[in-house]
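Trainee: Provided herewith is a single structure, encoded as structure tokens, for subsequent inquiry.
The values are calculated or read from the model by the stated rules, or taken from the named source; none is laboratory data. Fair warning: this is a prediction, and the values are worked out from it, not measured in the lab. No Cβ is skipped: glycine too gets one built from the backbone with ideal geometry, and neighbour counts run over all protein chains shown. Only protein heavy atoms, including side chains, enter the accessible area calculation; ligands, DNA and RNA are left aside. Shrake-Rupley method; radii C 1.70, N 1.55, O 1.52, S 1.80 Å.
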Amino acid sequence: MPRPTTFDVALVVPLRGPAGIFGPSAELCAELAAEEINAGGGVLGRELRLIPVDGGAPPPAVADEVAALVGSGRVQGVTGWHISPVRQAVAPRVAGRVPYVYTALYEGGERTEGVFLTSETPDVQLFPAMRLLGAERGARRWYVVGNDYVWPRRTALAAHRFAAGAGLSIVGESYVPLGTHDFTGALRAIEQSAADAVLMLLVGTDAVRFNRAFARSGPAGRCLRLSTLMDENMLLASGATATADLFSTAGFFASMVTPENLDFHGRYARRFGAEAPPLGSLGESCHEGVLLLAALVEQAGAVDPRSIGGAAESVSYEGPRGLLRLRERHVNQRIYLAEARGVEFDVLTQLP
């Protein structure tokens, strides 16, 4: 039987729905990683090829498509940014069959065999940011606005537990369907709660619409916002007039001044030109997803998930955030707090 000449990967990123706003950036960042891996000899001497899958489709449909690609032998790995219901649908369908690198920040707790995560979780991302804003900005009373699915709801539960022990309080919650346009009810509830801060757990264009509505509302000017999912594409779409007192916490910001990030910007601009979608944290995560998947396979010397799992704790990769390693199948990473300045992020500090 002839030896395979390619290593094919399902790239699951949203091309529709609220998260579609950063799908093009995610695709291009992943493509750049694949091209650079291939320029360095590929994966186990095989060309790495990306097979796009629309992660913005309904979760069962995404899982069916990915499972069909895996079952037919068309792909030997899966990666990409997609919301938690998609991950929950895909993971059991590919478990033990191919490695799966999930790049979206999420609620934590994923333990499915063969799933590896580059993403932030509330314990390292959200809690330190709430503590710092409580101490330095007097943000003691928090109101949660989120989309109505697993990531916002479980993150809010974790925030309740954290707040109870940190002298903070969650004074109200509003959950809206993905694709919401009207935030009148949530804004009224924020006003009535006398909250100091809003924890935004909204995806893509939903967050954009909320930012614009918030800027026109009563709480604006006395109530800050903190998002754990606010990339540069979403910030730009919100507009400079809608981002005052808006904070974000993440493992990467495009404005970070490091040699690795400046080099990443240069390579992205040279490859895709000045008109390419802006670089952002969510697109960058897909670049890392491809890098980590290749590193896992190279370290194991095989595409077999069991071999990959056995070697995972010794895996490292170098990307726009520097040299990173795995710990319990999650990337051990640095997290930062940034404040919006118009349509750019100013990175304030690394969180403890």
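Trainee: Which whole-Hz couplings ³J(HN,Hα) result when phi for each residue of segment 126-143 is put into the Karplus expression 6.51 cos²θ - 1.76 cosθ + 1.60, θ = phi - 60°, listed in order with x for Gly and Pro?
Mentor: Karplus values, whole Hz, x for Gly and Pro: 7, 4, x, 5, 4, 4, 5, 5, x, 6, 9, 10, x, 7, 9, 10, 10, 10.
Trainee: Residue by residue through segment 109-115, which ³J(HN,Hα) values in whole Hz follow from phi under the Karplus form 6.51 cos²θ - 1.76 cosθ + 1.60 (θ = phi - 60°), with glycine and proline marked x?
Mentor: Result, rounded to whole Hz: x, 6, 10, 4, 4, x, 9.
Trainee: Using a Gaussian network model on the chain with a 10 Å cutoff between Cα atoms, which of Gly319, Gly20, Gly167 fluctuates the most?
Mentor: Sorting by GNM fluctuation, first place goes to Gly167.
Trainee: Turning to a different aspect of this structure: Could you calculate the contour length gain from Glu113 to Thr184, that is, 0.36 nm times the residue separation minus the distance between their Cα atoms, to one decimal place in nm? Working shown, then result.
Mentor: Working: separation 71, 0.36 × 71 = 25.56 nm, distance 4.24 nm.
Here the segment from Glu113 to Thr184 would lengthen by 21.3 nm.
Trainee: Check Tyr143: other-chain or 5+ apart residues with amide H under 5 Å from its amide H, H built from backbone geometry?
Mentor: Amide H to amide H, under 5 Å and 5 or more residues apart or across chains, Tyr143 pairs with Val171, Ala197, Val198, Leu199.
Trainee: Farthest toward the dipole's positive end in the chain, which of Val144, Leu201, Ala39, given Cβ charges of +1 (Lys, Arg) and -1 (Asp, Glu) about the Cα centre?
Mentor: Ranked along the dipole, the leading option is Val144.
Trainee: Given Gly77, Pro177, Ala237, which one lies farthest toward the positive end of the charge dipole of the chain, if we put +1 on the Cβ of every Lys and Arg and -1 on the Cβ of every Asp and Glu?
Mentor: Pro177
Trainee: Taking segment 188-294 as the region of interest, what is the percent of Cα-Cα pairs per 10 angstrom bin, listed from the shortest bin to the one with the maximum distance?
Mentor: For segment 188-294, the pair-distance distribution reads 13, 40, 28, 14, 5, 0.
Trainee: If you don't mind, there's one more thing I want to ask. Keeping the other protein chains in place, figure out the carbon and sulfur percent of the accessible area of segment 1-70, with a 1.4 Å probe.
Mentor: 59 percent
Trainee: In degrees from 0 to 90, rounded to the nearest 10, what is the angle of the helix 59-71 Cα long axis to the longest principal axis of the chain?
Mentor: Here the helix axis deviates by roughly 20 degrees.
Trainee: In segment 316-352, which trypsin sites (Lys or Arg not before Pro) fall in coil by DSSP and have 15 or fewer other Cβ atoms within 10 Å?
Mentor: Arg334
Trainee: Still on this model: Averaging sequence separations of C-alpha pairs under 8 Å and six or more residues apart, then dividing by the length of segment 166-301, give the relative contact order as a whole percent.
Mentor: That works out to 19 percent.
Trainee: A further question on this structure: Hey, rough spin-label estimate for Arg334 and Ser316, points 7 angstrom out along Cα→Cβ, what's it come to in nanometres?
Mentor: 1.5 nm
Trainee: List, in order, the whole-Hz ³J(HN,Hα) value for each residue of segment 119-125 obtained from phi through the Karplus relation with A = 6.51, B = -1.76, C = 1.60 and θ = phi - 60°; use x for Gly and Pro.
Mentor: 9, 7, 10, x, 5, 9, 9
Trainee: Related question: Mean-square fluctuation check for the chain, GNM, Cα pairs under 10 Å: which of Ala274, Ala89, Ala159 is largest?
Mentor: Of Ala274, Ala89, Ala159, the most mobile in the Gaussian network model is Ala274.
Trainee: With just the Cα atoms defining each centre, how far is segment 286-319 from segment 74-148? Give it in Å.
Mentor: Spelled out, the Cα-based centre of one part sits 19 Å from the other.
Trainee: How far apart, in nanometres, would the label points at Glu36 and Thr241 be if each is projected 7 angstrom from Cα along the Cα-to-Cβ direction?
Mentor: My value for the distance between the label points is 3.9 nm.
Trainee: Quote the relative contact order of segment 1-88 in percent (integer), defining contacts as alpha-carbon pairs under 8 Å separated by 6+ residues.
Mentor: That works out to 44 percent.
Trainee: Pairing the Cα long axis of helix 150-166 with the longest principal axis of the chain, what angle in degrees results, from 0 to 90 and rounded to the nearest 10?
Mentor: That works out to roughly 60 degrees.
Trainee: Quick check for me: using +1 on Lys/Arg Cβ and -1 on Asp/Glu Cβ, what's the dipole size of segment 134-287 about its Cα centre, in debye to the nearest 20?
Mentor: The calculation lands at about 280 debye.
Trainee: Mind listing the long-range amide H neighbours of Ser227? Cut-off is under 5 Å, sequence gap 5 or more, other chains count too, H placed in the peptide plane at 1.01 Å from N.
Mentor: The answer is Met200, Phe247, Ser248, Thr249.
Trainee: Output needed: percent of Cα pairs per 10 Å distance bin for segment 65-178, bins running from 0 to the one holding the longest distance.
Mentor: Result returned by the calculation: 13, 37, 27, 16, 7, 1.
Trainee: Could you provide, to the nearest whole Å², the per residue accessible area of segment 42-138 with probe 1.4 Å?
Mentor: Each residue of segment 42-138 exposes 34 Å² on average to a 1.4 Å probe.
Trainee: Can you list residues from other chains, or at least 5 along the same chain, whose modelled amide H is less than 5 Å from the amide H of Val176?
Mentor: Hits under the 5 Å cutoff: Gly146, Asn147, Asp148.
Trainee: For a Förster distance of 30 Å, can you work out the FRET efficiency between the beta-carbons of Gln350 and Glu191, rounded to the nearest 0.05?
Mentor: Rounded to the nearest 0.05, the efficiency is 0.35.
Trainee: I would also like to ask the following. How large, in percent, is the carbon and sulfur part of the accessible surface of segment 202-352 at a probe radius of 1.4 Å?
Mentor: Percent of accessible area from carbon and sulfur atoms in segment 202-352: 49.
Trainee: While we're looking at this one, here's another question. So what is the relative contact order for segment 45-112, in percent, with contacts set as C-alpha pairs under 8 Å and at least six apart?
Mentor: About 32 percent, as a whole number.
Trainee: Measuring with a 1.4 Å probe in the full set of protein chains, what accessible area per residue, in whole Å², belongs to segment 139-187?
Mentor: Normalised by residue count, the accessible surface of segment 139-187 is 44 Å².
Trainee: With springs only between Cα atoms under 10 Å apart, run a GNM on the chain and tell me which of Ile21, Ile37, Ile190 wobbles the most.
Mentor: Evaluated over the chain, the most mobile residue of the options is Ile37.
Trainee: Roll a 1.4 angstrom probe over the protein heavy atoms and tell me the percent of accessible area of segment 104-149 that is carbon or sulfur. Let's see the in-between values first.
Mentor: Details: 690 of 1590 Å².
Taking all protein chains in place, segment 104-149 shows 44 percent carbon and sulfur surface.
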